[in-house]
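Throughout, read-outs are computed from the coordinates displayed, never taken from laboratory work. Please read these numbers as outputs of a predicted model, since none were measured by experiment. Heads up, the Cβs are rebuilt from the backbone with ideal geometry, glycines too, and the neighbour counts pull from every protein chain shown.
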Amino acid sequence: MLYKKEFFVLKQIPPRFHCATRGLCALLGLALLVVLPTRLTAEPLRVGFYENPPKIFRDAEGQPTGFWPQVTEAILSNLGYEFEYIECEWEACLQMVRQGQLDLMPDVAFSEEREKQFQYINEALIYSWSTIVAAEGVEIKTLADFEGKRIAVLANSIQERDLSRFLREEGLKSKLIWTSSVQGAVDAVMVGDADLAITNTFFAVRMAEQEGLYIPELPFQVNSYHFIVPPDAPRNFVQALNLESYRQQMTFGSAFHSAEYEWISFHQAPLPPWLVTACLFAGAVLFVASALIFILRRVVRARTADLARTVEALSSEIDLRKKAEKFALETQKFDAIGRLVGGVAHDFNNLLSVIMGNLELLKEQKELDASSQKFADQALMATKRGAKLTYDLLSFGRRAQLVPQVLRIDLVLRGIEEMLRRTLPENIALEFSYSPHLKAVLLDQGQLENAVLNLVVNARDAMPEGGRLTITVADHGRETGGSASPDRVIVTVIDTGLGIKEDALTKVFEPFYTTKEVDKGSGMGLAMVHGFVTQSGGKISIRSVWGQGTTVELSFPVTQGVPEQIGDSKVSTGLLGDERILLVEDDEDVRTVLSQRLSASGFLVTQACDGAAALEKIKAPDDFDLVVTDLTMPGALQGVELVQRLREKTGARPTVVLTGYGPDALGSLAELPNCLLLSKPVSGPRLISKIRSLLDS
């Protein structure tokens with residue numbers, strides 16, 4: 001039987017062993033006798049047998065034949081073993097070896113996964129590529145043409161492993177058709193159930209010649225083939241097989257070389273005598289070719305190692321790119337949500353302004369009884385809670401109005417220590433740690449206190465059975481000219497609570513996301529903290545292990561300013577005036593309630609619905625003593641430009657700017673004298689107090 005030799009490399013004898021003498025073989029034989037395992041039973045060895053011609057199969061008479069049976073018989077006979085073949089499907093054979101139901105299995109390709117399940121005989125007897133067998137009309141020019149194809153392959157074989165890994169790494173989508181034999185994979189192509197098959201080189205060549213199948217010139221994967229034994233096989237048995245396999249390859253004219261010549265190599269029938277000279281010449285060429293093949297194998301190994309390193313480097317670059325893309329998407333998501341909540345907060349603040357103004361006016365009615373006063377107070381409290389929620393939304397969207405001041409974080413937290421302790425139950429121990437000589441930072445004191453309070457409340461809810469909560473404030477230094485200089489101040493809040501599951505860690509900063517029970521939290525706590533820290537130029541990070549607690553770290557840049565602690569400001573109430581005020585507001589309901597509030601305080605109010613109407617009402621610079629205007633209104637004239645145009649007509653008249661959206665123009669307005677920015681909704685007493693202060697100044 002003739003077989004074409006394609007895409008394989010036989011186990012070659014290294015050149016350094018060419019000078020080995022018969023004495024070496026004698027020493028190896030003596031060593032073999034020393035390590036031969038003692039026969040503990042007369043039962044024959046069980047050798048796995050499956051169909052994979054021409055390497056291992058049964059001939060027309062049903063006798064085991066092929067490369068592996070011939071080599072197996074020679075090795076086991078030389079070791080003094082009797083054996084019998086146990087027929088099984090390929091996948092079943094591997095399972096039987098794993099369970100110790102087979103003592104030896106030939107023709108198994110090496111892989112790291114299999115090495116963990118079996119013991120390999122170190123000496124590989126064959127190196128071979130897998131071959132692609134395609135149906136007529138199926139064009140395969142590159143491995144990328146696997147996309148969308150139906151591919152038949154022997155189940156649980158090395159070809160299936162290599163094919164699955166290749167498709168996964170290249171991102172190709174193909175349908176795998178698993179078969180129980182190598183013949184079945186080729187049959188699937190022949191009957192049209194598959195577009196192509198991946199099988200061993202020798203079988204593929206034979207079937208292509210007999211059935212007229214198409215074999216693309218694309219070697220798929222190179223592997224080494226060995227004997228395997230069960231994982232608990234005796235060590236001396238494995239050593240004996242290793243030595244005998246090595247001896248078979250090193251001995252000229254051995255059964256290994258005969259089987260190699262008969263079943264693997266491409267050869268012709270015995271030459272007639274008159275062609276002896278030609279045969280000798282062919283032998284010389286074969287010798288040179290063998291040397292070249294050996295060199296080629298070394299080159300292939302080196303190139304394969306280079307390719308593996310290149311693939312590893314590319315994989316690392318792809319991972320970095322995926323992380324960068326994920327970070328960019330997260331940034332875009334937070335920015336989009338910030339814009340959304342800013343717009344919602346603008347309209348919501350207008351509604352709250354109307355509700356709050358009317359409630360305050362209602363409370364001032366003298367004929368209101370005690371019960372109605374109580375109802376008005378409760379409604380007003382709910383309105384303030386709504387305003388607080390809106391402010392949290394703006395904080396998350398980085399659009400909240402901040403009043404930064406130079407302060408020391410440790411002094412701020414010392415001032416609220418007692419309040420924080422009252423927030424926690426007795427079964428939670430609260431500890432504070434402050435580094436000495438902390439640097440100052442530029443932050444909004446109220447928002448800092450609110451952020452720490454939110455973190456403490458979250459920690460409290462995560463420790464229903466009690467625990468420990470630790471708050472530390474420390475400098476983080478950097479090396480500058482051989483000395484450490486603090487450039488950030490870090491606030492760390494550590495609890496020993498339940499922790500956060502890994503799938504929830506990426507969502508905790510999203511608004512209204514919460515892992516608490518219904519009615520146990522709004523989901524805005526961490527979102528507000530995230531918005532405040534980011535808007536203040538700081539950084540926030542969270543680490544957690546489920547069942548082991550959570551650590552939240554807030555990092556703020558230091559400033560060179562002198563710290564000054566600012567307490568809560570007192571709001572003056574009941575102040576009256578008779579000055580002329582121009583009120584500019586596009587929302588009719590908001591404009592009405594503001595006008596009523598100002599008029600009730602004695603001011604003379606003139607209303608304008610937009611910027612253009614406001615400019616028309618100003619005929620002379622001294623027509624009005626003060627201007628109250630909304631920052632964001634419809635029309636071409638709004639925002640900073642409106643304030644500047646009003647200043648052109650009225651001079652440096654006091655101006656109060658109301659905004660329900662955020663301090664987008666705060667930097668420009670801060671440069672104007674006698675200009676005050678207030679966030680909606682603003683209470684009546686606070687508005688009157690601020691107006692009175694501006695007029696008096």
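Note down the relative contact order for the stretch 127-223 as a percent, whole number, built from C-alpha pairs under 8 angstrom at least six residues apart.
Details: 176 pairs, mean separation 47.7, N = 97.
Once normalised by length, the contact order is 49 percent.
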### Message
Can you classify the stretch 167-258 as rounded, prolate or oblate using the Cα gyration tensor, where a ≥ b ≥ c are the square roots of its eigenvalues, rounded means a/c under 1.5, and otherwise it's prolate if a/b beats b/c and oblate if not?
### Response
prolate
### Summary
Interchain or sequence-distant (5+) residues whose placed amide H lies within less than 5 Å of the amide H of ARG653 are none
### Query
Once you sort the root eigenvalues of the Cα gyration tensor of the stretch 417-469 as a ≥ b ≥ c, which label holds: rounded (a/c under 1.5), prolate (a/b larger than b/c) or oblate (the other case)?
prolate
### Message
Once you keep just the Cα pairs under 8 angstrom separated by 6 or more residues, what percentage relative contact order results for the stretch 580-696?
### Response
23
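What FRET efficiency would be calculated for the residue pair MET419, GLN99, taking the C-beta separation as r and a Förster radius of 60 Å, to the nearest 0.05? Provide the component values of the computation, followed by the final result.
Values: r = 68 Å, r/R0 = 1.13.
Calculated value: 0.30.
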### Query
Under 5 Å between amide H atoms, partner at least 5 residues away or on a different chain: which partners does GLN221 have, H built in plane at 1.01 Å?
SER130
### Message
Per residue of the stretch 494-505, what does 6.51 cos²θ - 1.76 cosθ + 1.60 with θ = phi - 60° give for ³J(HN,Hα)? Whole Hz please, x for Gly and Pro, Karplus curve as stated.
### Response
10, 10, 10, x, 5, x, 10, 5, 4, 6, 8, 4
### Message
Among VAL189, VAL222, SER164, whose Cα projects farthest towards the positive end of the dipole of the stretch 127-223, with charges put on the beta-carbon of Lys, Arg (+1) and Asp, Glu (-1)?
### Response
SER164
#### Entry: Amide H within-cut-off set for GLN117, under 5 Å, with H built and near neighbours excluded
none
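What does the C-alpha gyration tensor say about the overall shape of the stretch 127-223? Classify as rounded when a/c is under 1.5, otherwise prolate if a/b is larger than b/c, or oblate.
rounded
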### HN-Hα J in Hz across the stretch 171-184 - Karplus 6.51, -1.76, 1.60, θ = phi - 60°, x for Gly and Pro
x, 8, 10, 10, 9, 8, 10, 7, 10, 8, 8, 5, 4, x
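Estimate the FRET efficiency between GLU139 and GLU641 by the formula 1/(1 + (r/R0)^6), using the beta-carbon distance for r and 60 Å for R0, to the nearest 0.05. Provide the component values of the computation, followed by the final result.
On the way: r = 67 Å, r/R0 = 1.11.
Calculated value: 0.35.
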### Query
Spin-label point model (7 Å from Cα, Cβ direction): what's the GLU648 to VAL457 distance in nm?
4.7
#### Entry: Residue-span extension gain [CYS279 to PHE294] - 0.36 nm each, minus C-alpha spacing
3.2 nm
### Query
So what J values fall out for the stretch 603-619 if you push phi through Karplus, 6.51 cos²θ - 1.76 cosθ + 1.60 with θ = phi - 60°, rounded to Hz, Gly and Pro as x?
6, 9, 10, 10, 9, 9, 8, 7, x, 5, 5, 5, 5, 5, 7, 9, 9
## Note on the structure
Here the FRET efficiency for THR559 versus ASP319, based on Cβ atoms and R0 = 51 Å and rounded to 0.05, is 0.85
